[in-house]
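Enquirer: Here it is, the structure, as structure tokens.
Just so you know, all these numbers are worked out from the coordinates, no wet-lab data involved. Since the model is a prediction, treat every value here as computed from it, not as a measurement. Using ideal geometry, Cβ is built from the backbone for each residue, glycine included, and neighbour counts are taken over all protein chains shown.
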Amino acid sequence: MDIQTIAVIGSGTMGRGIAYAAALGGYRTILEDVSSAMREQGVSWIHETLEEGVKRGKLTAEQTEGVLSRLTMAASVEEACRPADMIIEAVPEDMELKLEIFTILDKFAKPGAILASNTSSLSVTEMAAITTRAEFCVGMHFFNPVQKMKLLEIVRALETSEEVVEACRETGRRMGKEAVVVRESPGFITSRINAMIGNEAFFMLESGVASAEDIDKALKLGLNHPMGPFELVDLVGLDVRLSILEYLHKSLGEKYRPCPLLAQYVKAGRLGRKSGHGVYDYPKNPARTTSS
């Protein structure tokens, strides 16, 4: 399959990162968001990331110019998907919203276009079922921050064709990613394991086994994890992690029942870095303090 143009639906943290990686990989890239403010934030972030890459010697001025020349914006899903050979939705992890997006993509995307979801845990088969092109539907799970994380989980839904899987693998390669192919199951590989580790960390914190800092330090120094479970959940978002656990609990049983402390934090608005307060505090002052 010849992928020349990629549309990314949603210009939040994941969407703008995927668009950056796609344009850097040489693809004509369309970044869509119905919110003009979000589109502007996405463009600003891409400019800042490119500038930082040049300053650090990771990118050349020529590469930066190439990314910007290949990147365009769209104000609607219909506008973004019509010319695209591959469409990657990166909207919030809500099945009803994703089904709505896939319905629009099925209606307006050109024949043969790949419809991909950046879901971290939801059923791509369910999304594919509301289209007339299930063989072209696939999961492409990128990781945050997209510009740094190398892994791409390619999720093979029930009817995903081998040709589509291979096209996604090549696309990931050009984006600088290393792909693993996963047969669809709740949580795939990484979300399923991370959810369990993070949930157990909350149970330990709740029962007073150790402080958040010491639990994070133990996993980093003892198990060689690059980030502790609380640092990671603050980056991902406590609400996102809770939603994944609720889905896994429903799908896979009691071992994924969310820790009450995690649910309490979310109810209190402690969502992580994006809210300025999660397991840790993130004040404007870069010094970090532990939340009480």
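Enquirer: Can you list the HN-Hα couplings for the stretch 208-223, worked out from phi with the Karplus curve (6.51, -1.76, 1.60; θ = phi - 60°), rounded to whole Hz and with x for Gly and Pro?
Expert: For the stretch 208-223, the Karplus curve yields x, 4, 6, 6, 4, 4, 6, 5, 4, 4, 4, 6, 6, 8, x, 10 Hz.
Enquirer: Would you pull out the residues with amide H under 5 Å of MET140's amide H, same chain only if 5 or more places away, H placed 1.01 Å from N?
Expert: It is SER117, ASN118, THR119, VAL155, by chain and number.
Enquirer: Under 8 Å for C-alpha pairs, at least 6 residues apart: give me the relative contact order for the stretch 5-183, rounded to a whole percent.
Expert: Numbers: 362 pairs, mean separation 37.9, N = 179.
The normalised contact order for the stretch 5-183 reaches 21 percent.
Enquirer: Give the long-range amide H neighbours of LEU151: residues separated by 5 or more places, or on another chain, with amide H under 5 Å away, using H modelled in the peptide plane at 1.01 Å from N.
Expert: The answer is GLU178.
Enquirer: Related question: What whole-number distance in Å separates the alpha-carbon centres of the stretch 169-197 and the stretch 74-151?
Expert: Taking the Cα centre of the stretch 74-151 as reference, the centre of the stretch 169-197 is 15 Å away.
Enquirer: If the cut-off is 20 Å between C-alpha atoms, which lysines fall inside it for LYS55, apart from same-chain ones fewer than 8 positions away?
Expert: Of all the lysines, those that pass the test against LYS55 - Cα under 20 Å, at least 8 places apart if same chain - are LYS148.
Enquirer: Something else now. Give a residue-ordered list of calculated ³J(HN,Hα) values for the stretch 2-12 (Karplus: 6.51 cos²θ - 1.76 cosθ + 1.60, θ = phi - 60°; whole Hz; x for Gly, Pro).
Expert: Each residue of the stretch 2-12 in turn: 9, 9, 10, 10, 10, 9, 10, 9, x, 10, x Hz.
Enquirer: To the nearest 0.05, what FRET efficiency results for GLN63 and THR190 with a Förster distance of 41 Å applied to their C-beta separation? Numbers along the way, then the final one.
Expert: On the way: r = 29 Å, r/R0 = 0.71.
Once rounded, the FRET efficiency stands at 0.90.
Enquirer: Report the FRET efficiency, 1/(1 + (r/R0)^6), for GLU166 and VAL34, where r is their Cβ-Cβ distance and R0 is 41 Å, rounded to 0.05.
Expert: Once the sixth-power term is evaluated, E becomes 0.80.
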